[in-house]
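Structure first, then comments.
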């Protein structure tokens, strides 16, 4: 292989070179086949090589790929915004297009702060977030993130936003009911608001299902309903980070729909374009837009590629495909089967402490001792070993580590394309079991699990 000048995730490591993909499968140039068991980074939700999307790309490229948003709108971007208004709950009707999930959450942060400025309440400029969370890698998004490992190098540059713990049902206090636990976790938000002062707090941000920082951690029922009540009580906007959970991934249009709660802003990414183009969005309520329209008349945000026609046309084709093939319903149906199969593995293998998830966003958490739920220290690299072994066997899965105060907790996310069939899930589970068993045996040989 010729020398590579690409800055890769692990410097000095040689990566296989991709050849092509079709459906849930990827193929490298050596002829090896992989099941995309994580949709890349929980992104390729409609699978690879979808011809309808490629055709939409080509048709738009023949017309125009890029115009700057301050010069022109386009049919593609207008149609996409209208479609998202149909998908989104409540009065979330307005869309600001960006290129990544990090940009989407940071744009939501900025719009929330600007909204209160336009209302004549400029001191409401703080965002409250949760410690077990990840909202992106740009400075504003990382300031809102509680992912300790990803914050670590840049702590001195970040705002001190994370303030409360997220619900973690697998590790709730023994003897406490899920209902009581949900309310106790949610009520931490009220405490945090009162400590800071409601007049200082612009918004609260949360992932409906915790992703990379915990591994498909689903909150108990009642949690988000109580969060919405607290936000309303203290005039705090609620931002739902749907970058990972949105556009059908959890078996509903958006993750927050499972609890019948309507946020004030939503951040989308990943599944919105299903990996076919860099595209993301911040969706905003009528009330916020009306306030800013009557005030300055302009949202202070934007990026060069915001609302480009090429990415809009591709994302519209993705939504067309999701609707045509009823992939939201399929995610619910096949996701239930996937989770059932994962729970079978958890019951069988001592290395797996918990199998959890919602729709086609699932995870396994690994523990030293199943009875005590004792976690592995991150230094032992158990999740990484499972990921590496799965890769060797032709299965891609995604890391979710550091859920316990950033120093412990090993999990992997299993989130295949929403198009996966029952037979393909069985194939995925077979490879995953082989990988987990191999790592489990290695740990047992070293007496590292009970």
Query raised in the report: In this structure, is residue 335 buried (at least 23 other Cβ atoms within 10 Å of the Cβ), under 23 Å from the mean Cα position of the chain (by Cα), in contact (Cβ under 8 Å) with a residue 40 or more places away in the chain and assigned to a strand (DSSP E or B)?
Result: no
Query raised in the report: Limited to the range 159-194, what total is found for residues that are surrounded by 17 or more Cβ atoms within 10 Å (Cβ to Cβ), part of a loop (DSSP other than H, G, I, E, B) and either modelled with pLDDT under 90 or at positive phi (or both)?
Result: 1
Query - Tally of residues being part of a loop (DSSP other than H, G, I, E, B) and over 25 Å from the mean Cα position of the chain (by Cα) across the range 364-381 - result: 4
Report task. Kindly list the number of the only condition in (1) part of a loop (DSSP other than H, G, I, E, B); (2) surrounded by fewer than 19 Cβ atoms within 10 Å (Cβ to Cβ) that fails for residue 399. Result -> (1)
Report task. Can you give me the number of residues within the range 263-287 that are assigned to a helix (DSSP H, G or I) and surrounded by 24 or more Cβ atoms within 10 Å (Cβ to Cβ)? Result -> 3
Report summary line: In the range 343-362, residues that are farther than 13 Å from residue 386 by Cβ, in a loop (DSSP other than H, G, I, E, B) and more than 22 Å from the chain's Cα centre (by Cα) total 1
Report task. State yes or no: is residue 434 free of Cβ contacts under 8 Å to residues at least 60 places away in the same chain, in the same structural domain as residue 354 (by TED's automatic domain parsing), under 21 Å from residue 338 (Cβ atoms) and under 22 Å from the mean Cα position of the chain (by Cα)? Result -> no
Query raised in the report: Got a sec? Which helices (runs of 4 or more DSSP H) wholly within the range 1-117 have at least 2 residues that are in the same structural domain as residue 315 (by TED's automatic domain parsing), surrounded by fewer than 17 Cβ atoms within 10 Å (Cβ to Cβ) and without any contact (Cβ under 8 Å) to a residue 12 or more places away in the chain?
Result: 51-63, 75-87
Query - Selection count where residues are touching a helix residue (DSSP H, G or I) at 6+ places or on another chain (Cβ under 8 Å) and under 16 Å from residue 42 (Cα atoms), scope the range 229-256 - result: 14
Query raised in the report: So, of the residues in the range 402-415 that are in contact with a strand residue (DSSP E or B) (Cβ under 8 Å, 6 or more places away or on another chain) and over 13 Å from residue 351 (Cα atoms), which turns out to be surrounded by the fewest Cβ atoms within 10 Å (Cβ to Cβ)?
Result: 407
Query raised in the report: Just to be sure, is residue 340 touching a strand residue (DSSP E or B) at 6+ places or on another chain (Cβ under 6 Å) and either crowded, with 17+ Cβ neighbours inside 10 Å or part of a helix (DSSP H, G or I) (or both)?
Result: no
Query raised in the report: Any residue at all in the range 431-443 that is in contact with a helix residue (DSSP H, G or I) (Cβ under 6 Å, 6 or more places away or on another chain) and either outside any helix (DSSP H, G or I) or at pLDDT below 95 (or both)?
Result: no
Query raised in the report: Only one of 402, 450 is modelled with pLDDT under 95 and under 23 Å from residue 250 (Cα atoms); which?
Result: 402
Report task. Hey, could you check the range 296-312 for residues that are closer than 14 Å to residue 84 by Cβ and in contact with a helix residue (DSSP H, G or I) (Cβ under 7 Å, 6 or more places away or on another chain) and say which is surrounded by the fewest Cβ atoms within 10 Å (Cβ to Cβ)? Result -> 312
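The values are calculated or read from the model by the stated rules, or taken from the named source; none is laboratory data. Keep in mind it's a predicted model, so treat the numbers as computed, not measured. Quick reminder, even Gly has a Cβ in these numbers, built from the backbone with ideal geometry, and neighbours come from all protein chains shown.
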